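Participant: The structure is given below, and queries will be raised subsequently.
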Amino acid sequence: MTVIDLRDRSWRARTSGATTHTHEATSRLGATPARGRILEAGWRAIGLDAVASGLAAAACALLVPTLTVQMLVGLLLAWPVALCSARAYASRPRDRARARLRPVLSAVVRVLAVLAVVSAVIGVSMTPMVLTTVALGVATALARFAFDRGSVARTTVRGPMAVVARGSASDLARLIAQLPADGRGPFRLVGVQVLDGEPVDDGLVSGLLVLGPQDTPVDVALEAGADGVLFVGTQHESSDEMRRAVWQLEDAGLGALMIPIMAPLATPSIQTIGATGLPLLSYDSRDLGSEIGFSKVVVDKLIALAGLIALAPVMLGIAVMVKLTSRGPILFRQARVGRGGTEFEMLKFRTMYEDAEARRAELEALNEHEGGTLFKIRDDPRITSVGHVLRKYSLDELPQLINVLRGEMSLVGPRPPLPDEVRHYSQDAHRRFRVRPGLTGLWQVSGRSDLDPVESARLDTHYVEHWSIGMDLTILARTPKVVVTGEGAY
C-alpha cells in the first residue's frame, strides 16, 4: 500500500478568502491546526540546532588556534542559512535517522562548497573554517539523533496524524484491514468518508465517524476533528479535483495523504516509514516565502543592492536619455500583483510618450493578445525611439532592482501581472501568487511577449511547483542571451 504524503506547506494565506477559511478551521477544531503544531515543532528544532552549533563553535574556538573571531562569526551566520536551504526544518515525516540527518549533511556540503570557492578566489587557506564546519555538522547531527524525536518538525508533533480516509467502500475496507492492530504508524484513522454510497462493514468502522460523499475534504476533516485527509484511490475524483482539494486543505492548515492504488505493493526503492508496513512517498512541497525562501530573499536583496551600485552609471545615463528625448517622468510606475495577491508599484524606465494611455483606444484593434487583458503591439507607435532600444534589451526593467530590494519582487519568479489580467485568471492561475514575481523567469527565457496568456500562466505555475536553486541558476544563466538577442521583446 503506497501512501503519498501531500503535506501541509505551512504557507501563510494572504488572500482574504484563504485567511477566513483558515480562521474557520481553527475555531471549528477548537485547537491549533496541524500547521501551527508543525511550526511549533520547527522552532524547537531550531533551538536544538542553535544549542548544538553554539557548543561546537565554543569547542572549536578553544581547540583550533588559527580560527579567528571573524571566521567564527561568519560560520555561525552561514550555518542556519545552510540548514534552511537544505530544508532541515521541513514538515515532512522523519521516522528514520537517515531521513532526519540528510539535511544536516547537505548543509555541510553547501558550506564547504562555498568555502572552496572563496579559498580559490582569494587564495587564503580555509582549513580552520572547514574543521569548524565539520564540527558544526557533527554536533547538529548528534543532537538531532539523540533528542529530536519530539522536536524536529514532522507530519504531526506528537503521535500519529489524525486523518479521515476518503474513498470508495471497498478501498476503505481494504485500508482498514491493512492497518496495524496496535495503532502505530504515521497516521491514525478517526473517520471515513464513503464516496460511492456503498455500505461498509460495521465491524470495520466501529468507533469511527462515517460520513457521506456530499462534504468537501476540509469540512470532513473539521467535522471529525482531524489533522488532515487521507485520499484512498483516485477513481472517484479527477486530477484537477484532487489538486484543488489538496490546495484547500493547505489553506485551512490541514495535511493531506494519498494512497493512489489500494494494493500491497512495496519495492525496495520505496522508503517505509515507521513499523506500519505502509511505504510512504513524500511529496516534497515547500513554502517559498519562508522556509527555503528565507535564503532566497537574502540573496535577492544582496544581489539587488550590488546591482544598483554597479549599474548606477548606466541607469543615470538611461535616465538622462529618457528625459532629454521626450516629455514626461523618467520612471513609469504601474500597479502589479505580487505575492499573496497584494498589489505593489512596479518601477520601469518610461519607454512611451506621455499621452500613451490616451491613445490606447485608437490602437485597440491592433492588439496581438486575445481577450484584451494584455495589450501588446510589435510596432507600437506610442513607444519612443529610446524606448525601443530599452525594451529590446530589457534595460527599462533595471529600476525593478529597487522593487527587489524593497521585498516586492525577486530576481527570479513568475511574471508580475496587471490587476486587469488577474480578474480573468482561472482558479489554478492564482497559484503563482504563492511566491514573489521575478525580474526574470521562465516566461523571460521562453519567449517573453511571444507567449500567449495560457502558456505564460502554465510556465508560472510550473515554476512555483518545481522551484529549486538549480532552476533559478539555470534561468539566470539563460537570461543574458535572451536580453542580448532581444528575443520576444517588443
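The values are calculated or read from the model by the stated rules, or taken from the named source; none is laboratory data. Because the structure is a prediction, the values reported are computed rather than measured. Neighbour counts run over all protein chains shown; Cβ positions are idealised from the backbone, glycine included. Ligands, DNA and RNA are stripped out before the accessible areas are found, and what is left, the full protein with its side chains, is counted by its heavy atoms. Shrake-Rupley method; radii C 1.70, N 1.55, O 1.52, S 1.80 Å.
Participant: If you build the Cα gyration tensor of the range 293-334 and take the root of 5 times each eigenvalue, what three semi-axes come out, in whole angstrom, biggest first?
Facilitator: Each semi-axis is √(5λ); the values are 29, 13, 4 Å.
Participant: I want the local charge near LEU390. Using Cβ-Cβ distances under 11 Å, sum +1 for each Lys or Arg and -1 for each Asp or Glu among the other residues.
Facilitator: Summing Lys and Arg as +1 and Asp and Glu as -1 gives +2.
Participant: Quick check: with the 1.4 Å probe, what order do GLU343, GLU250 take by accessible area, largest first? Walk me through the intermediate numbers first.
Facilitator: Details: GLU343 115, GLU250 10 Å².
Correct descending sequence by accessible area is GLU343, GLU250.
Participant: Run the simple label-point estimate for VAL69 and VAL51 please: 7 Å along Cα→C-beta, distance reported in nm.
Facilitator: Distance between label points: 2.8 nm.
Participant: Where does each of 218-224, 171-177 land if you order them by average Cβ count within 10 Å, highest first?
Facilitator: 218-224, 171-177
Participant: GLU198 versus LEU77, label points 7 Å from Cα toward the beta carbon: distance in nm?
Facilitator: Once both label points are built, they end up 6.3 nm from each other.
Participant: Ranked highest first by the average count of other Cβ atoms within 10 Å around their residues, in what order do 392-400, 299-307 fall?
Facilitator: Ranked from most to least packed, the peptides come out as 392-400, 299-307.
Participant: Is there a pair in LYS301/LYS481; LYS323/LYS348; LYS323/LYS481; LYS301/LYS392 whose C-alpha atoms are over 20 Å apart, and which pairs would that be?
Facilitator: Checking Cα-Cα distances, LYS301/LYS481; LYS323/LYS481; LYS301/LYS392 exceed 20 Å.
Participant: Another question, then. Pull out the extension gain between VAL299 and ARG406, defined as 0.36 nm times the separation in residues minus the alpha carbon to alpha carbon distance; nm, one decimal. Don't skip to the end; give the middle numbers.
Facilitator: Working: separation 107, 0.36 × 107 = 38.52 nm, distance 1.30 nm.
Between VAL299 and ARG406, full extension yields an extra 37.2 nm.
Participant: Which cross-chain or sequence-distant (5 or more) residues have an amide H under 5 Å from the amide H of THR384, H modelled 1.01 Å from N in plane?
Facilitator: Those qualifying (amide H under 5 Å, at least 5 residues apart or on another chain) are MET352, TYR353.
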